[in-house]
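Structure first, commentary second.
The values are calculated or read from the model by the stated rules, or taken from the named source; none is laboratory data. Just so we're clear, the structure is a prediction, and the values are computed from it rather than from any experiment. When we count neighbours, we look across all protein chains shown, and the Cβ atoms used for this are built from the backbone with ideal geometry, even at glycine. Calculation scope for accessible area: heavy atoms of the full protein, side chains included, ligands and nucleic acids excluded. Shrake-Rupley method; radii C 1.70, N 1.55, O 1.52, S 1.80 Å.
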Amino acid sequence: MPRLIVISNRVNAPTDENDASVGGLAMALSAALREYSGIWFGWSGRTTTEFTGQLSLQRSAGVTVATVDLEEQDRQEYYNGYANRTLWPLFHYRIDLSAYERSFDKGYARVNARFADTVTPLLEPDDLIWVHDYHLIPLAQELRQRGVRNRIGFFLHIPWPAQRLFTTLPNHSDLVRALFDYDLVGFQSEDSLSAFREYVTDEIGGKMTDTGQATAYGRQLQVGAFPIGLDAEAFTAGADSEPARTWRGRMEASLAGRQLIIGVDRLDYSKGLEERFLAYEEFLANHSEALEHVSLMQVATPSRDEVSAYQDIRARLDAVSGRINGAYATADWVPIRYVNRTYRRDELAGMYRAAAVGLVTPLRDGMNLVAKEYVAAQDPANPGALVLSQFAGAAEQMGDALIVNPFSREDMSDAIHRALTMPRSERIRRWERLMDGVRKNDVTAWRDRYVQALVSLPEPAQLEEAAVC
Ligand code: GDG
């Protein structure tokens, strides 16, 4: 088995799966790397006054974690800038929030070059290199320029946007050109794959076959949809653990017989939290019988709080939740428990299990692992119902959820009502099919499918010969 070299912006050592680090990519990769020998390389999260390229190596559960510090200017221009103020909003269809600034482009190019300089000496000829997410799109191009001939794959955790949105990005074709230096590009969903196909064929006059062979810029690239999954077995076991039972008990005691609706998200505008609160308000207004009988708990862990759009959404959520609680709360009931903190994964599993409804309504999401976690944590004899946005990648696989349009308060209010009143037999029927999918398409299956696809591609050198012919 070749070594697997995983490269992502940040790394999360696969030590304790219950630690409180938040974010779908960290969760998935630490699970995926557990059985591989390899290296996980990324930014330490720290900054120094001047970039030194000094590697810090740490061995943890069979994986070597290698990190490098960046400069403060890198954090601003690359991380807070191009990654989180340009690409993140654009790829989540929020061009109103996308900032196009040339200093960000420069920071992005500089950090990708720094990553390539630092990681190249660690590489051996047979290594498989797997690069993750929008922070590092140009990395293969940088590595190729340094003579790296290995197979290099890229996986995008977030959606690929529709062509008409993507073309608002200055120099959009440079970014796509850089993708063609990979051997395999994976997306989360068919929706993203078809948006990419549209760009290749309509915008740059390339070709793409039904089996995902894309040709453009004189290069060939394999693309495909590889929907990510959970470490389902571990998550389900976590839902039966002591901390989970403690939390389930605490939730049930505090609910005093009321039904719980749960949302768990990074505090991000793409997650549709404001729309969710407003839909819940609409539900309360339309269903007076639910007043004092239902409670929405939203765990929203603060994220990227140096970026102003995140400060804005946080302030709006404080205001909306406060207003709804002000309008409806009674002496011993609050309609929304809005919690800005982080819990351990097993504690979250206990909370999911205590909830009659999982409310997962992002406005756009690459996949959304919370939907899968909610399902994996349920009691098979009395599972809750999942309400899921049609714009989460997960909706392509989880058709047995109640699929909603997160932009429509009325749709969501109806779905909340339907979920709260769904007969147990229907909940079991839907849950069994959902759980079957969560188990089959788990994180190991995702990793193996991707790595297998990468390994089975022709050697990069052969491809070049084929292109010359
Ligand atoms: C990106 C893509 C894609 C949340 N609060 C706590 C906590 N979390 C964990 C959840 C879940 C993860 O964070 C969030 O994952 P998502 O998949 O929902 O979303 P993103 O962070 O935006 O992830 C996404 C993912 O990458 C993987 O490819 O699915 O579409 O946007 O695991 O449980 N974890 C802990 N405490 C919390 O309070 N421990």
Which residues among region 272-292 fall inside the zone where the amide N is under 12 Å from a point 7 Å beyond the Cα of ARG258, along Cα→Cβ? 290-292
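Share of antiparallel DSSP beta bridges in the chain, in percent to the nearest 5?
On the way: 13 of 63 bridges.
Antiparallel bridges: around 20 percent, rounded to the nearest 5.
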Computed Rg/Rh for region 356-469 (Cα atoms; Rh = Kirkwood radius) stands at 1.19
Once you place label points 7 Å from the Cα toward the Cβ at ARG59 and ARG449, how far apart are they in nm? 3.5
Counting only protein heavy atoms with a 1.4 Å probe and every protein chain in place, the carbon and sulfur fraction of the accessible surface of the chain in whole percent equals 47
The chain, Rg to Rh (Cα coordinates; Rh as Kirkwood inverse mean 1/r): 0.97
Can you give the accessible area of GLU410, probe radius 1.4 Å, in Å² rounded to 10? 120
The chain: calculated mean residue ellipticity at 222 nm from DSSP helix runs of at least 4, using -39500 (n - 2.57): -12000 deg cm²/dmol
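Could you work out the mean projected area of the convex hull around the alpha carbons of region 232-440, in square nanometres to one decimal? Let's see the in-between values first.
Numbers: hull surface 42.9 nm².
Average of the hull's projected areas for region 232-440 equals 10.7 nm².
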Please give, to one decimal in nm, the separation of the simple spin-label points placed at THR47 and GLU101, each 7 Å out from Cα toward the Cβ. 1.2
7 Å from Cα along Cα→Cβ at both GLU203 and TRP333: what's the point-to-point distance in nm? 5.0
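Where a ≥ b ≥ c are the square roots of the eigenvalues of the C-alpha gyration tensor, would you call region 235-315 rounded, which needs a/c under 1.5, or, failing that, prolate if a/b is larger than b/c, or oblate?
Judged from the Cα gyration tensor, region 235-315 comes out oblate (a/c at least 1.5, b/c at or above a/b).
Could you work out the relative contact order of region 232-440, using alpha carbon pairs under 8 angstrom and six or more residues apart, expressed as a whole percent? Let's see the in-between values first.
Numbers: 377 pairs, mean separation 55.8, N = 209.
After rounding, I find 27 percent.
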Surface accessible to a 1.4 Å probe, GLU198 within the full protein complex, Å²: 70
Within the chain, which DSSP H helices have Cα atoms that stretch 15 Å or more along the helix axis and a mean Kyte-Doolittle hydropathy of at least -1.0? 102-119, 273-286, 308-328, 409-420, 443-455
Residues of region 232-440: accessible area per residue with a 1.4 Å probe, Å²: 39
